[in-house]
Amino acid sequence: MSGWLPKSPKARRRLILVAAIAPVLALAVGLTLFGLSDSISYFYTPSQALAAKPPAGRAIQLGGLVEKGSVVKTADGRVDFVVRDQTAKALVSYQGDLPDLFREGQGIVATGSFRGDGVFQAKQVLAKHDERYMPREVSKALKKQGEWRGDGAVAAYQAPGSGT
Amino acid sequence: MIDEIGGFALILGLVLSLTQVVLSGAARVRRSAVLAGAGEGAALAAFLGVAIAFAALMHAFVVSDFSVANVAANSHTEKPLLYRVAGTWGSHEGSMLLWCLALTGFGAAVAMLGRGLPAGLKAVTVATQGLLGTVFLAYTVFASNPFVRLLDPPVEGRSLNPLLQDPALAVHPPFLYSGYVGLSVVFSLAAAALVEGRVDAAWARWVRPWALAGWSLLTIGITLGAFWAYYELGWGGWWFWDPVENASFMPWLIATALLHSAVVTEKRGALSGWTVFLAMAAFTFSMLGAFLVRSGVLTSVHAFAVDPTRGVLLLIILGVTAGSGFLLFAWRAPSLAPGGLFAPVSRESALVLNNILLAAATATVLLGTLYPLIREALTGESISVGPPYFNLTFTPLMTALILLVPAGPLLSWKRADAQGVAQRLGLAALIAVGAGLAAYAMVSPRKAFACAGIALGVWLIGGTLSELAERSRAFAGDWAETRRRLTGLPRGAWGMTLAHIGLGVFVLGACVETGWKVEAAETLSLGGHLKLGAYELTLEKVQGVDGPNYDAERATLHAVRNGREICTPRPERRFYPAGGQTTSEVAICTRGANHLYVVLGERREAAGAKAPVWLVRAYWNPWALFIFIGPVIMALGGFISLSDRRLRLGVGKRAARPA
């Protein structure tokens, strides 16, 4: 073997191990930092979005309650609705099939970005599979604003026909 | 009455688990064979207790006994039998009981099957397993008891979430949980080895069957989950890098690393400390998974039966169990004997690199999964880390690993001949690059990454087959000799070959599906057309269907390609009155390995028009079948390898460290 390696087999093995780990670690750390700086998306409620003013086209998540009576479905598959929190509203436009649990008055999270005209163009609309629960960010943001008719209001068990 | 027996049997299981700890611990201290036998008996009895409790709960679900709160909240009389049975583990309480059943079951299996283990090691393993059982049973009994009764039983139950009423998901939790918990044995064995201060080839041989069992079951469990998400959610995708998915994927990655490092410890006595560390980490990630899934601390698209109040308890269990395990490791690991030496180019090195890459990949997945929590704790901002992050960090690490995989088995132990290995893999490399280039030249639209993925998949399969050919001298032309050698191969070798080929099949499917998937969505009235790549879909009719516990709209479409009718997809949209919930039932036409995937969306009354319209979404998912067949081949490899090891379970005593 080459002369520059340490003589002791133990030290040599350690050196080789470090030589193998270092590039992988560097790659992993580099990619992670880059990925975390670039491909995370922020969660806003309408009022937070109003304050933070994310640039048009920047991918974010918008969460809140679907305003009652605001849902307009058109025959070409487009859906417009208003997401609101206690203080602000945002118009959301979405092309496609809404999740099965999408309902007026319910909490949802939409991923997408604001358009130049201030309308939120959603790529995906999420409601939870389990209708007893709100998306966590929505429930937390609403709790902060003091508007929370939480899980506690709905008993863990409901007689059939009485709810939902 | 049966419910009371179940509740009682569950408490009995807890007491017996505690007895198991005391008896087996005392057996180790006193070095008493009688006490050890009693401890093993207690392990078996604890399992029987929990099994009776589980059977009682299942009985309550099958007969729809709504006086049990858990049944009332999760079952319904109109539900088909399969889903009433599956409802047993559909809730938080039931799934924790399933977890305990698997935990005590594996404890009993160690106690019964571990005849070849040294007495001390076995006693400590059984005691540790009992300790885990005690902790989780105590949690189940005191914080999440499935047998809590209702004073005023309702006439009808709330029903299981309809999305969960599905054959794949009915069997998904048992596989996943047996996989998660199969790794508990590995954890116990690691703790025992540290207590005994002895980690050698025999110990590694002991760990392997349990790690293999856990890994294989976990593979099947994750695949079933992905398959369910694929055809039940109707989003056309099969993996979303959702926290719940990552929670099951991280233990799998660590178990994969463990399987490989255990080989080094078994064959060469090296890496013993690292193998012990991985053995502890594997079950720690299982518990972390249970915590993440059950506590709802992370926003997931498919979190079921979450209960934030209990999350804290699970977190404490996780912290105490894993913390004491790793403390033990920190205390005892320095006393472990160092292993044999090896050159930079050797099979040991290849396996070390495999472990480095898998560990780094796990770390990036862990960081991406927990980063929203970290960020929120530090700055208070809510963020989410999406698929782009995982694709960016995970894919390069896995690519490096895949490049390495075919070379590993060809390298010899201690010191290998790199040039010779390169020569033997030359043909496979040539075919792989050729396949990638051919795909790039011929398939439109051109996708460079997908073509690189094809090359990687072909490289994995071709390289693995090259190794098989090498071992059986297939190129020497003497077929009788080749056949003799092939039949003489140990099952472990077949298992490895299958697992690596399965990975290749998966890579091919995943890359082709991701690269060339076609998607189309349109609102159709009756007779309307939807164009999807080379296919044209026509909505012929939509009719109402009465299901056992749902009402549905079923659409009949015709898929035509080049004027020829290919198939008639019949997607459904089901409404479950019991929970007031709607689900889509996707129609999938399998064409070779390709899927034509059709989803019926909601009905809309067009303004001004007389006829209603339906939103129809369709995907052309090329080679999608490979995505699910690949992991099945991998798990099959695991089971074949396991059947080999089973024969050798008793030989644990034999070898001291070689060389």
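The values are calculated or read from the model by the stated rules, or taken from the named source; none is laboratory data. Fair warning: this is a prediction, and the values are worked out from it, not measured in the lab. All Cβ positions, even for glycine, are placed from backbone atoms using ideal geometry, and neighbour counts span all protein chains on display.
Of note:
- Number of residues in the range B:565-592 that are within 9 Å of chain A (Cβ to nearest Cβ) and closer than 21 Å to B:TRP238 by Cα equals 4.
- The set of residues from the range B:587-628 being of a type in the set (A, V, I, L, M) and surrounded by fewer than 17 Cβ atoms within 10 Å (Cβ to Cβ) comprises B:ALA606, B:ALA607, B:ALA609, B:ALA611.
- The condition (being within 30 Å of B:ILE588 (Cα to Cα) and either touching a Cys at 6+ places or on another chain (Cβ under 9 Å) or outside any helix (DSSP H, G or I) (or both)) is satisfied by just one residue among B:PHE240, B:PHE249, B:PHE227: B:PHE240.
- Test: residue in the range B:292-311 that is assigned to a helix (DSSP H, G or I), aliphatic (A, V, I, L, M) and either modelled with pLDDT of 90 or more or surrounded by 22 or more Cβ atoms within 10 Å (Cβ to Cβ) (or both): yes
- Scanning the range B:109-126 for residues that are assigned to a helix (DSSP H, G or I) and hydrophobic (A, V, I, L, M, F, W, C) returns B:ALA109, B:VAL110, B:ALA111, B:MET112, B:LEU113, B:ALA119, B:LEU121, B:ALA123, B:VAL124, B:VAL126.
- The set of residues from the range B:393-435 being of a type in the set (A, V, I, L, M) and in contact with an Asp or Glu (Cβ under 8 Å, 6 or more places away or on another chain) comprises just one member, B:LEU410.
- Condition met for B:VAL62 (of a type in the set (A, V, I, L, M), under 29 Å from B:VAL155 (Cα atoms) and buried (at least 21 other Cβ atoms within 10 Å of the Cβ)): no
- Every condition in (1) surrounded by 14 or more Cβ atoms within 10 Å (Cβ to Cβ); (2) farther than 21 Å from B:ALA474 by Cα; (3) among the hydrophobic types (A, V, I, L, M, F, W, C) is met by B:LEU427 except one, and the failing one is (2).
- Of the strands (runs of 3 or more DSSP E) lying entirely inside the range B:507-576, those carrying at least 3 residues that are of a type outside the set (Ser, Thr, Tyr) and over 31 Å from the mean Cα position of the chain (by Cα) are B:518-524, B:529-532, B:535-546, B:551-561, B:564-567.
- Every residue from the range B:462-478 that is without any contact (Cβ under 8 Å) to a residue 12 or more places away in the chain, of a type outside the set (Asp, Glu) and not in a helix (DSSP H, G or I): B:GLY477
- Looking only at residues of the range B:130-144 that are away from chain A (no Cβ under 14 Å) and not aliphatic (A, V, I, L, M), we find that the one that is surrounded by the fewest Cβ atoms within 10 Å (Cβ to Cβ) is B:PHE142.
- Subset of the range A:55-97 (residues that are at the interface with another protein chain (Cβ under 9 Å from one of its Cβ atoms) and on the phi > 0 side of the Ramachandran plot): A:GLY77, A:GLY96
- Residue list for the range B:375-396, filter: part of a helix (DSSP H, G or I) and either at the interface with chain A (Cβ under 10 Å from one of its Cβ atoms) or among the charged types (D, E, K, R) (or both): B:ARG375, B:GLU376, B:PRO387, B:PRO388, B:TYR389, B:PHE390, B:ASN391, B:LEU392, B:THR393, B:PHE394, B:THR395, B:PRO396
- Picking from residues in the range B:483-497 that are within 11 Å of B:SER643 (Cβ to Cβ) and small (Gly, Ala, Ser), the one that is surrounded by the fewest Cβ atoms within 10 Å (Cβ to Cβ) is B:GLY492.
- A count restricted to the range B:344-360 and to residues that are facing chain A (nearest Cβ under 8 Å) and of a type in the set (A, V, I, L, M, F, W, C) stands at 5.
- Residue in the range A:41-54 that is hydrophobic (A, V, I, L, M, F, W, C), farther than 30 Å from B:ARG415 by Cα and at the interface with chain B (Cβ under 10 Å from one of its Cβ atoms) present: yes
- Residues that are without any contact (Cβ under 8 Å) to a residue 24 or more places away in the chain and either within 17 Å of B:LEU101 (Cα to Cα) or surrounded by fewer than 22 Cβ atoms within 10 Å (Cβ to Cβ) (or both) within the range B:65-87 comprise just one, B:LEU81.
- Criterion: surrounded by 21 or more Cβ atoms within 10 Å (Cβ to Cβ) and either touching a strand residue (DSSP E or B) at 6+ places or on another chain (Cβ under 8 Å) or within 15 Å of B:CYS511 (Cβ to Cβ) (or both) - qualifying residue of B:ALA435, B:ALA450: B:ALA450
Rundown of residues vs (1) in contact with a strand residue (DSSP E or B) (Cβ under 7 Å, 6 or more places away or on another chain); (2) among the hydroxyl-bearing types (Ser, Thr, Tyr); (3) at pLDDT below 85, yes/no style:
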position	(1), (2), (3)
A:MET1	no, no, yes
A:LYS7	no, no, yes
A:SER37	no, yes, yes
A:PRO46	yes, no, no
A:ARG78	yes, no, yes
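Residue-by-condition table, conditions (1) assigned by TED's automatic domain parsing to the domain that holds B:LEU121; (2) surrounded by fewer than 21 Cβ atoms within 10 Å (Cβ to Cβ); (3) over 25 Å from B:PRO387 (Cβ atoms); (4) of a type in the set (Ser, Thr, Tyr):
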{"site": "B:ARG208", "(1), (2), (3), (4)": "no, no, yes, no"}
{"site": "B:TRP241", "(1), (2), (3), (4)": "no, yes, no, no"}
{"site": "B:MET250", "(1), (2), (3), (4)": "no, no, no, no"}
{"site": "B:LEU253", "(1), (2), (3), (4)": "no, no, no, no"}
{"site": "B:THR256", "(1), (2), (3), (4)": "no, no, no, yes"}
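- Residue match in the range B:177-198 (condition: within 14 Å of another protein chain (Cβ to nearest Cβ) and either in contact with a strand residue (DSSP E or B) (Cβ under 7 Å, 6 or more places away or on another chain) or outside any helix (DSSP H, G or I) (or both)): no
- Residue check, A:ALA122 away from every other protein chain (no Cβ under 11 Å) and at pLDDT 75 or above: yes
- Residue in the range B:71-81 that is away from chain A (no Cβ under 14 Å) and closer than 22 Å to B:PRO167 by Cβ present: yes
- Members of the range B:227-238 found to be of a type in the set (A, V, I, L, M, F, W, C), surrounded by fewer than 22 Cβ atoms within 10 Å (Cβ to Cβ) and touching a residue at least 24 places away in the same chain (Cβ under 8 Å), listed by number: B:PHE227, B:TRP228, B:LEU233
- Residue within the range B:447-461 that is outside any helix (DSSP H, G or I), closer than 30 Å to B:ALA534 by Cβ and of a type in the set (Val, Ile, Thr) present: no
- Residue match in the range B:175-196 (condition: free of Cβ contacts under 8 Å to residues at least 60 places away in the same chain and surrounded by fewer than 24 Cβ atoms within 10 Å (Cβ to Cβ)): yes
- Taking the conditions (1) surrounded by 18 or more Cβ atoms within 10 Å (Cβ to Cβ); (2) touching a Gly at 6+ places or on another chain (Cβ under 9 Å) in turn, A:ALA49 satisfies each one other than (2).
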